[in-house]
Structure formats: structure tokens, C-alpha cells
């Protein structure tokens, strides 16, 4: 970075510290355009990243996101490759999102007395649907879209995971519905599993296995042509993390079906009989397991279509496919 740019950034940072956020914002944008006009692209991008992080550190989400969006626009205009450095700038901005007042039972809920009922529909998702979070989500959506378009699919997973962890850390079960959309496309199976266990404790104990099955199905059905193997690896990691956190092994028909489903999908690349494995699992457990939730059969069909090339018979539910049953609906109704 040029010495003059470093000096400019230091001066603007002082303006932010004084609380003159609007003035600082204009200074950041002016400095960016000046460096860009001089073909000093690296300095221009650094100005936007540092400006976004500095504004976010002072709770100025709108300003921070504006600079972050300008960074993505600059990437697009300049044809910047989606490499570790460029995606790293975007991830750094997501990691700088400021903490917000928690309204739900976040990770700390694991040590508190478990609730026997789901949160009321009137309070579900209040915090996670705030304008501040909407601004953050707008940046995340653009960042992921740009990274995926540039072929940085693995890096895009990191952005999803960072935002899922942010939502879970700040809102817990109140924001789980929104965090879920990013958990399933991320790569942090451990935090995802912890969140599932925390939510499951708010429902009947006998439905823990359903949380696992629904989550696996949602991860698998989120796959597309380019992400199938990555989603499968994420599903396996989630299964292992979830079962490892159990005090006693899950020994139920639903848990067995979940394991066999995953094994069958994993065998697709190595065995022509992989789909027969799934068919056997459905014959043995399907009637009892799939009747526990009317959306499960449709989700299984979507997995068969995506991984086995088997044509689906019906719609199988919406994009969430009844993933987390009645409790999940109450957690996400407001989203």
C-alpha cells in the first residue's frame, strides 16, 4: 500500500472515531475512486475493505455494507478472480458484522434448563428479521453469488458458515430459521450440529432423530450440479458431529434410515447398486419413518432425483420441505 493511502486511511479512521460517520463514508469513497482512477486497484480495494470493517466496528452497518457492496462491484468491473485473497476480503467483512442484542437462546442455551415448548409464533425470528440483519444478509447474498460465479464454491461455503454462526450467536433459536439457510450451504458441521441439538431440546425427546434426518435431507437437497459432492461431504460431517454429541447412541428406525440414506448416496460413485441400498432402506423403515412427517417422502424423492437420477413423482414440498417439523415452523414463521 502506498504511504499516501495509508496516511489517508489513518486520517479517515480518526474521523470515524470522532463519530462523523457520514463524512468518513464520503472520504472512503473519494479515496477509493481516486486510487481507482490512478489504476492503483490493490490500494482501491484495500480502502474499501478497511473502510467497511472500520464502519462495522463502530456499529455503522449501513455504511459498512455500502462499502462492501462497492467492493463486490469493483471486483466485477475489474474482472477480479475469485481467489483466496479476494474472497478473503469479503469474508473479513462478514466476520466484522457487529454483535447485536440477543433475543433468543443462543449457544449458551445448552447449559440452561431445556424448554419443553417451542417459542411462540409472535416472537419467532423477531431479531433475525431486523433491518440491520437484512443489510448484512444483502451483502452475504451478493458475496456468495460473486464467489460462486467465479468458481470459488468452497470459499462461498465459508461465507455461508460465517453468517450462519453470526445469526446463531446473536439470536439463537429465534433466528435459527434464517441461520439454517446458510448452515445447510456452509462447511461448519460442528456449529450446525450444536444448533440442532439446542433446538431439539425444546421439543419432545423422541423427536431428536427427526431433527437429524430432516437436516441431512435439507443439506442433500440443497445440492446442484456443481455442489453435489460438497453437500454430500457436509451431510456426512453433520451426521458424525450430531451423533458424536449424543450421550447415548441413536438406536431408532429413523436414525437407522438416516444412516442408510447417507451410505447409499455415498456409494453412488462406486457402486451401481447404490439406489438399491436406498430402496431396501425404504422398504424396511420407510412406512414408519416417512409417516412421521408428511414432507419427508418428498425430500427423499428430491435426493433420489439429484443423486440417483430417479425422476420425482411429486413436488415434495417447498424449498425447506418441512425440514424441522412443527417446532421448526414455530421458530421460523416470522422469517
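The values are calculated or read from the model by the stated rules, or taken from the named source; none is laboratory data. Just so we're clear, the structure is a prediction, and the values are computed from it rather than from any experiment. With ideal geometry, Cβ positions are generated from the backbone for all residues, glycine too; neighbour counts draw on all protein chains shown.
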Note to self: Given (1) modelled with pLDDT under 95; (2) surrounded by fewer than 24 Cβ atoms within 10 Å (Cβ to Cβ), identify the lone condition not met by residue 142.
What the structure shows: (1)
Next item on the list: Name, by its number, the condition in (1) modelled with pLDDT of 95 or more; (2) not in a helix (DSSP H, G or I) that does not hold for residue 293.
Entry: (1)
Notebook entry, point to check: If residue 53 satisfies every condition in (1) buried (at least 22 other Cβ atoms within 10 Å of the Cβ); (2) within 23 Å of residue 162 (Cα to Cα); (3) modelled with pLDDT of 95 or more but one, which is the exception?
Noted result: (1)
Margin query: Exactly one condition in (1) in a loop (DSSP other than H, G, I, E, B); (2) at pLDDT 50 or above is false for residue 301; which is it?
Written below: (1)
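Give the stretch 231-254 a look and list any residue that's assigned to a loop (DSSP other than H, G, I, E, B) and either under 23 Å from residue 158 (Cα atoms) or touching a residue at least 40 places away in the same chain (Cβ under 8 Å) (or both), or say none.
Once the filter is applied, which keeps residues that are assigned to a loop (DSSP other than H, G, I, E, B) and either under 23 Å from residue 158 (Cα atoms) or touching a residue at least 40 places away in the same chain (Cβ under 8 Å) (or both), the stretch 231-254 yields 245, 250, 252.
Surrounded by 15 or more Cβ atoms within 10 Å (Cβ to Cβ) and without any contact (Cβ under 8 Å) to a residue 12 or more places away in the chain, is that true of residue 290?
yes
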Next item on the list: State all residues of the stretch 76-96 that are over 21 Å from the mean Cα position of the chain (by Cα) and surrounded by 16 or more Cβ atoms within 10 Å (Cβ to Cβ); if no residue qualifies, say none.
Entry: 80
Margin query: Can you pull out every residue in the stretch 1-39 that is modelled with pLDDT under 95 and outside any helix (DSSP H, G or I)?
Written below: 1, 2, 38, 39
Margin query: Quick test of your reading of the structure: residue 176 fulfils all but one of (1) within 29 Å of residue 247 (Cβ to Cβ); (2) surrounded by fewer than 22 Cβ atoms within 10 Å (Cβ to Cβ); (3) at pLDDT below 95. Name the failing condition by number.
Written below: (2)
Next item on the list: May I ask you to verify whether residue 188 is buried (at least 18 other Cβ atoms within 10 Å of the Cβ), modelled with pLDDT of 95 or more and over 24 Å from residue 297 (Cα atoms)?
Entry: yes
